[in-house]
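Step one of this worksheet: look at the structure below.
Every number in this text was worked out from the coordinates using simple rules, so none of it is lab data. What you see is a predicted model, and the numbers here were worked out from it, not measured in a lab. Note that we place each Cβ from the backbone using ideal geometry, even for glycine, and neighbour counts take in every protein chain shown.
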């Protein structure tokens, strides 16, 4: 029998919180500001789960922008600050957080976002974070971001868990790769801009965390002997 799941590690953007639409809107505005044409969604597969400065390098290069990656990122983040104080949970995410907690599953967040923007995004949900989340690990906390496994390994270490007892919830292909490199199981939550092929390394793939899909997912985990739910 496989090792039981004792801890869940959440990606933040597009997995726990519905911030992806905000990013897409602001990225496109910033691209236009610096003379670019096109939609950032065309390079979404390169950006999801990637640290901010690395994203900026991809965008500046792809759209041939008249600025540096550092300046692009600074301009973008100035706009994002005003939009991240009233974030909402992704559909079904909060329910799954509470369900995991009811079965004693420890939970942490591991995000490619920097600590400043992360705290802004979570500011409207402080009571939830305090009640259910053990640790929030940000990009600055590790030397190498996703797709390297460091951020997930640090989250597991802080919870006192071994990788084989952790499951990662991710909407980014880079995050899925990082989870598997960390020796953890992974739920790939498919981003609407990507195909299932981008999540081929995930142990489970779902289109969303809507209630019916969560129940099917947990039944599947239960059948495999990982977590005793729905007995």
How large is the Kirkwood hydrodynamic radius of the range 20-83, counting all unique pairs of alpha carbons, in Å? 11.4 Å
Most exposed to least, judged by fewest other Cβ atoms within 10 Å, 97, 26 sort to 26, 97
Helix 52-62 sits off the longest principal axis of the Cα atoms of the chain, rounded to the nearest 10 on a 0 to 90 degree scale, by 50 degrees
Quick one: grab the alpha carbon gyration tensor of the range 1-109, order the square roots of its eigenvalues as a ≥ b ≥ c, and give me rounded if a/c is under 1.5, else prolate or oblate depending on whether a/b is larger than b/c. prolate
Report the antiparallel proportion of the DSSP beta bridges in the chain as a percent, rounded to a multiple of 5. 5 percent
Could you tell me how many degrees, from 0 to 90 and to the nearest 10, lie between the Cα long axis of helix 211-223 and the main elongation axis, the longest principal axis, of the Cα atoms of the chain? 50 degrees
Rounded to the nearest 10 degrees, the helix 93-102 long axis (Cα) sits at an angle to the longest Cα principal axis of the chain of 30 degrees
Kirkwood Rh, angstrom, the range 131-204 [1 / mean 1/r, Cα pairs]: 12.5 Å
For the range 1-44: span of alpha carbons on each principal axis (Å, largest first): 56, 18, 12
Just the number: Rg to Rh for the chain, Cα atoms, Kirkwood Rh, two decimals. 0.97
At R0 = 41 Å the Cβ-Cβ FRET efficiency linking residue 82 and residue 102, nearest 0.05, sits at 0.70
Pairwise label distance in nanometres, residue 210 with residue 144, each label 7 Å out on the Cα-Cβ vector: 3.9 nm
Please state the shape class of the range 71-122: rounded when a/c is under 1.5, otherwise prolate if a/b exceeds b/c and oblate if not, all from the C-alpha gyration tensor. prolate
Classify the range 79-152 as rounded, prolate or oblate, taking a ≥ b ≥ c as the square roots of the eigenvalues of its Cα gyration tensor: rounded when a/c is under 1.5, otherwise prolate if a/b is larger than b/c and oblate if not. oblate
